[in-house]
Protein chains: 2
Amino acid sequence: MVTNMMNNVVEKVVAGDVRTAARLIRDIDDELPGTREILKALHPHMVRAYVIGITGAPGVGKSTLVDQMIHHLRERGKTVGVLAVDPTSPFSGGAILGDRIRMQRHCMDDGVFIRSLATRGHFGGLTQSTRSAIDVLDAMGKDYIIVETVGVGQDEIDIVKSAHTTIVVVIPGMGDDVQAVKAGILEAGDIFLINKSDREGAHKTLADLKMMIDINQSKYDGGEWRPPVLMAEAVCDQGVVELLEEIGNHEQHINAMSEDLKIREKADIVRTALIEMIKSRLLKEILKPMTDSVEFERAVDSIVDGTRDPYSACDELAFPCTRP
Amino acid sequence: MVTNMMNNVVEKVVAGDVRTAARLIRDIDDELPGTREILKALHPHMVRAYVIGITGAPGVGKSTLVDQMIHHLRERGKTVGVLAVDPTSPFSGGAILGDRIRMQRHCMDDGVFIRSLATRGHFGGLTQSTRSAIDVLDAMGKDYIIVETVGVGQDEIDIVKSAHTTIVVVIPGMGDDVQAVKAGILEAGDIFLINKSDREGAHKTLADLKMMIDINQSKYDGGEWRPPVLMAEAVCDQGVVELLEEIGNHEQHINAMSEDLKIREKADIVRTALIEMIKSRLLKEILKPMTDSVEFERAVDSIVDGTRDPYSACDELAFPCTRP
């Protein structure tokens, strides 16, 4: 059921209309009905964008880096979409006392479109709405889409895994060695960037990261991409051009893969995306009504007053067929 | 259906048997059948433990702090359980090149029980298995249970919210101001601790945190707990005794609340826990079989070869009744 109104939205998004796209992304984030049909209709237009994931702990300077990347990509005439999933990002307005001003230099530029996505409660949906927002920016015809996340939690790992190139940002001196880089994210990293590299300990961090990467030597011998480790001081635009160059190298590496391998990699991404999509709808369409019910509140009361344990309450409420 | 074997497990856990408890927590984490019945049977024995949540970005020194807290609590004759949900924690073995040795000094002490929990994929369950593991440690009769998390992601926020006292650990100089403390975690913090306080910028971080806390002045005037901000150098045991003292103050504050308020707070915690429990089972008992099916793989193929869009595939696969 695609109405005229929907057709209108689709046409405007494909034409790159910022207001319509912004509203659609907000509606997707709010999980309004009708957005799914619009996304279906937009699907044939999603073809061009190169998706870059930027991830790293709060305070490593991801937003400053993104800001510089936008600057250089715009100089080359490329259009850029940015999605901030990081709740501490000044893009998303989540910085508590932070300087949100520094991002504003792009706000009058038609070729740059920056949106933030809310974090979610029990009913999930962050991964799904990020994916859908990427789809919208793609349909708008953006050349590059940069997704910024804090990179902790399974949701975020899933988000960065769906990027074409994922950059893991660390800073020197964040605890022992490279603890700051967690295992899941480490595997997802196509490029490692040591930001604030003027700080003490940068060379140790560099050596540690390289050692970690070298552990997979046999993979690289087999033709897999070897993640480079770069040094940068994003705040004074040091190392940003080199980063874009490595992103280009990684893109070439992907393009040079065999068709077979490309299909297998695409299937992995599609599989993850489809699981997330079904999950997001299960939670919204089954879990939410269930926990909004009178029976649910009655179960809560009985656990609080001690007449029932939560495990039995869960059985009785939601899984009566599996009761022993 | 409580078998003799289950009764045996329940008895041993209540008696504090470490091997049985360790195995049960592993079985819960692996979501083995039967664990739910054991948890039901353990429920009447869960009464005593005081749960402390410790959260903060990787590298802020949470594990060192926990190590010192264990030391002081043991000196006072208290038994302690530790659950490491942080994938970068040396407790959980997740530190890539980190020093896992420093925690080992407690490994011969019967009064200390340390377990780590795996991070999860699409089918979730981390929050749920952490809660169940807390229940097991509680039934074992531990006086204190310390749960260590990285504190990013909704799951982790839910975990720390269920603690009696939540400590948010930051270090000086992690980016502009206190960006490192994200909004959701900030609200969950009962005590803020600036670790590595010998570092440059500690006093600025202190001032920033205090300013942030002062924003809620009207709440404290209404009798709510005002989160103190402490300075510490956990590595040389500075500020740890003061932290334990503030935890005691917070416990007294909770005990002094009106019965009405206590019940309301308990209902909030129970509600969140019950939602998580139902969610965890929905994903395992409905989503997982669905995505393990032949139809699912067929849908993936059709998306990869471009004959279907993912939004329609999701409709057809999982929600045929909601198709337009």
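Return the distance in nm (one decimal) between the two label points of a simple spin-label model at residue A:245 and residue A:286, each offset 7 Å from Cα along Cα→Cβ.
5.2 nm
Counting other C-beta atoms within 10 Å, which of B:218, B:162, A:293, A:63 has the fewest, and how do the rest follow?
Sorted ascending by nearby Cβ count, the order is B:218, A:293, B:162, A:63.
Within 10 Å of each Cβ of B:265-274, how many other protein chain Cβ atoms are there on average?
Working: counts 1, 4, 6, 2, 3, 8, 8, 3, 5, 11.
Mean inter-chain Cβ contacts per residue within 10 Å come to 5.
Using a 10 Å cut-off around each Cβ of peptide A:35-48, what is the average number of partner chain Cβ atoms that fall inside?
Other-chain Cβ atoms within 10 Å of each residue's Cβ, averaged: 3.
With a ≥ b ≥ c the root eigenvalues of the C-alpha gyration tensor of region B:3-60, is it rounded (a/c under 1.5), prolate (a/b larger than b/c) or oblate? Provide the component values of the computation, followed by the final result.
Values: a/c = 2.37, a/b = 1.73, b/c = 1.37.
In terms of gyration-tensor shape, prolate.
At what distance in angstrom do the alpha carbon centres of region A:304-320 and region B:5-34 lie from each other?
That distance is 21 Å.
Expressed in nm to one decimal, what extension gain is obtained for the pair residue A:257 and residue A:235 from 0.36 nm per residue of sequence separation less their Cα-Cα distance?
Length difference between fully extended and current span is 4.4 nm.
With label points built 7 Å along Cα→Cβ from the Cα atoms of residue A:226 and residue B:301, find their separation and express it in nm.
3.8 nm
Just tell me which aspartates and glutamates come within less than 12 Å, Cα to Cα, of residue B:266; anything on the same chain fewer than 8 places away is out.
Partners found: A:301, A:305.
Tell me whether region B:279-322 comes out rounded, prolate or oblate; compute the Cα gyration tensor, take square roots of the eigenvalues as a ≥ b ≥ c, and use a/c under 1.5 as the rounded threshold. Working shown, then result.
Details: a/c = 2.75, a/b = 1.73, b/c = 1.59.
Since a/c reaches 1.5 and a/b is larger than b/c, the shape of region B:279-322 is classed as prolate.
Residue-wise, which Karplus ³J(HN,Hα) couplings in Hz belong to region A:73-84, taking 6.51 cos²θ - 1.76 cosθ + 1.60, θ = phi - 60°, and x for glycine or proline?
For region A:73-84, the Karplus-derived couplings read 5, 5, 4, 8, x, 8, 8, 9, x, 10, 10, 9 Hz, x marking Gly and Pro.
With respect to the cross-link table entries A:78/A:210; B:161/B:284; A:161/B:210; A:40/B:161; A:210/B:62; A:196/B:219, which display a Cα-Cα separation exceeding 28 Å?
Values: A:78/A:210 32 Å; B:161/B:284 24 Å; A:161/B:210 38 Å; A:40/B:161 38 Å; A:210/B:62 26 Å; A:196/B:219 39 Å.
Beyond 28 Å between Cα atoms: A:78/A:210; A:161/B:210; A:40/B:161; A:196/B:219.
Under 5 Å between amide H atoms, partner at least 5 residues away or on a different chain: which partners does residue A:116 have, H built in plane at 1.01 Å?
Excluding prolines and chain starts, which carry no amide H, the hits are A:84.
Using θ = phi - 60° and the Karplus form 6.51 cos²θ - 1.76 cosθ + 1.60, what ³J(HN,Hα) does each residue of region A:254-267 get, whole Hz, x for Gly and Pro?
Each residue of region A:254-267 in turn: 4, 5, 7, 5, 5, 4, 3, 5, 4, 5, 5, 5, 5, 4 Hz.
For a quick check: with amide H placed at 1.01 Å from N, whose amide H comes under 5 Å from residue A:147's, ignoring anything fewer than 5 positions away on the same chain?
For residue A:147, the qualifying residues are A:52, A:53, A:54, A:83.
Of A:170, B:235, how do they rank once you tally other Cβ atoms within 10 Å and put the fewest first? Please list the in-between numbers first.
Details: A:170 27, B:235 15.
Fewest-to-most ranking of A:170, B:235: B:235, A:170.
Within 10 Å of each residue's Cβ, count the other Cβ atoms and sort B:35, B:149, B:307 from fewest upward.
Values: B:35 22, B:149 30, B:307 9.
Listed from fewest to most nearby Cβ atoms, that is B:307, B:35, B:149.
Any read-out appearing in this document is the output of simple, stated calculations on the displayed coordinates, not a laboratory observation. Just so you know, these numbers come straight off a predicted model, no measurement behind them. Reconstructed Cβ throughout: ideal geometry from the backbone, glycine too, with neighbour counts over all protein chains shown.
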